[in-house]
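Enquirer: Before we start, here is the structure in question, set down as structure tokens.
Quick note: the coordinates plus some simple rules give every number you see, no bench work behind them. For clarity, every value in this text was computed on a predicted model and none was experimentally measured. Heads up, the Cβs are rebuilt from the backbone with ideal geometry, glycines too, and the neighbour counts pull from every protein chain shown.
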Amino acid sequence: MKGKRLVNVDGQDIGTVFDTLRAGREDLVLADRAEHLGGLAIALPASQLTEEDEQVTAPYDELSIREAPQFSWNVKPEAYLHYWKRLADTNYSSSATAYLPTGSGLVAGAEADLPDQRIRTQVRDALRAARQAGVHPRTIPVSVSKGTVLLEGHQNDTPARLAAAQAAAGIPGVKEIVNMIVVRAEI
């Protein structure tokens with residue numbers, strides 16, 4: 001699959017495959033996402049992809065690819081498999097106008113090296129403080145590895161999904177956010 005063009009269900013270009021990675025008993029395909037969809041590397045479950053000639057087809061629409069969190073070596077590969085399963089089960093994003101940035105990415109100015117457990121505690125506190133922005137902190141599991149914060153779970157809407165990522169990014173010591181929160185109506 002390496003070097004092959006990655007397309008969505010409508011045949012639109014969504015990136016280029018550059019590697020595969022073992023995630024438990026399954027494989028992930030790593031791809032450079034097309035710039036018009038946000039760029040950066042993403043991870044997709046290999047079992048969901050179809051390979052034909054010089055292209056690989058993903059069964060996801062443009063919005064799902066656009067909202068996919070960037071790939072980080074500091075996140076367990078299995079988390080990406082769980083993300084795609086949750087997305088397929090419950091994603092309610094329905095239009096490009098409803099789309100907001102994922103909130104994933106490197107955090108500017110993050111220079112402090114703090115213990116991961118301390119960062120996790122502070123992120124959980126920040127999520128509780130973000131309730132006024134519509135964030136439901138109890139539905140967001142948080143893990144931290146080497147300053148990379150992984151946000152999982154569900155939120156009612158895309159603004160809450162982004163508010164959670166922004167709250168986490170404001171914590172000293174956070175170097176990167178990987179936002180795997182999925183939008184699901186009525187938490």
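Enquirer: Taking the Cα atoms only, what angle lies between the long axis of helix 77-90 and the longest principal axis of the chain, rounded to 10 degrees?
Expert: 90 degrees
Enquirer: Here are labelled values, (1) 9, 34, 33, 19, 5, 0; (2) 8, 29, 31, 22, 9, 1; (3) 10, 38, 35, 15, 2, 0, and one is the computed P(r) over Cα pairs in 10 Å bins from 0, in percent for what I pasted. Which one?
Expert: (3)
Enquirer: Same structure again: Enumerate lysine pairs in the chain that are 8 or more residues apart or on different chains, then count those whose Cα atoms are under 28 Å apart.
Expert: 10
Enquirer: Sorted by packing (mean other beta-carbon atoms within 10 Å per residue), highest first, where do 12-18, 145-151, 2-8 land?
Expert: Most protected by this proxy first, the peptides run 145-151, 12-18, 2-8.
Enquirer: In addition: Any idea how far the Cα center of the stretch 125-187 sits from the one of the stretch 1-63, in Å?
Expert: 26 Å
Enquirer: Starting from the Cα of Phe18, step 7 Å toward the Cβ, then list every residue of the stretch 42-56 with an amide N under 12 Å from that point.
Expert: Under 12 Å, as judged by backbone N against the label point of Phe18, lie 42-43 of the stretch 42-56.
Enquirer: Same structure again: Can you give the local net charge around Gly3? Use residues other than it whose beta-carbon is closer than 15 angstrom to its beta-carbon, Lys and Arg +1, Asp and Glu -1.
Expert: Net local charge, Gly3 excluded: -4.
Enquirer: Something else about it: Starting from the Cα of Trp73, step 7 Å along the direction of its Cβ; do the same at Gln48; then give the gap between the two resulting points in nm.
Expert: My value for the distance between the label points is 2.5 nm.
Enquirer: Here is a follow-up. Suppose R0 equals 30 Å; then what is the FRET efficiency for Asp125 and Asp10 from their Cβ-Cβ distance, rounded to the nearest 0.05?
Expert: The calculated FRET efficiency here is 0.10.
Enquirer: Further, regarding this structure: Order of His36, His154, His136 from fewest to most other C-beta atoms within 10 Å?
Expert: Placing the least packed residue first, the sequence is His36, His136, His154.
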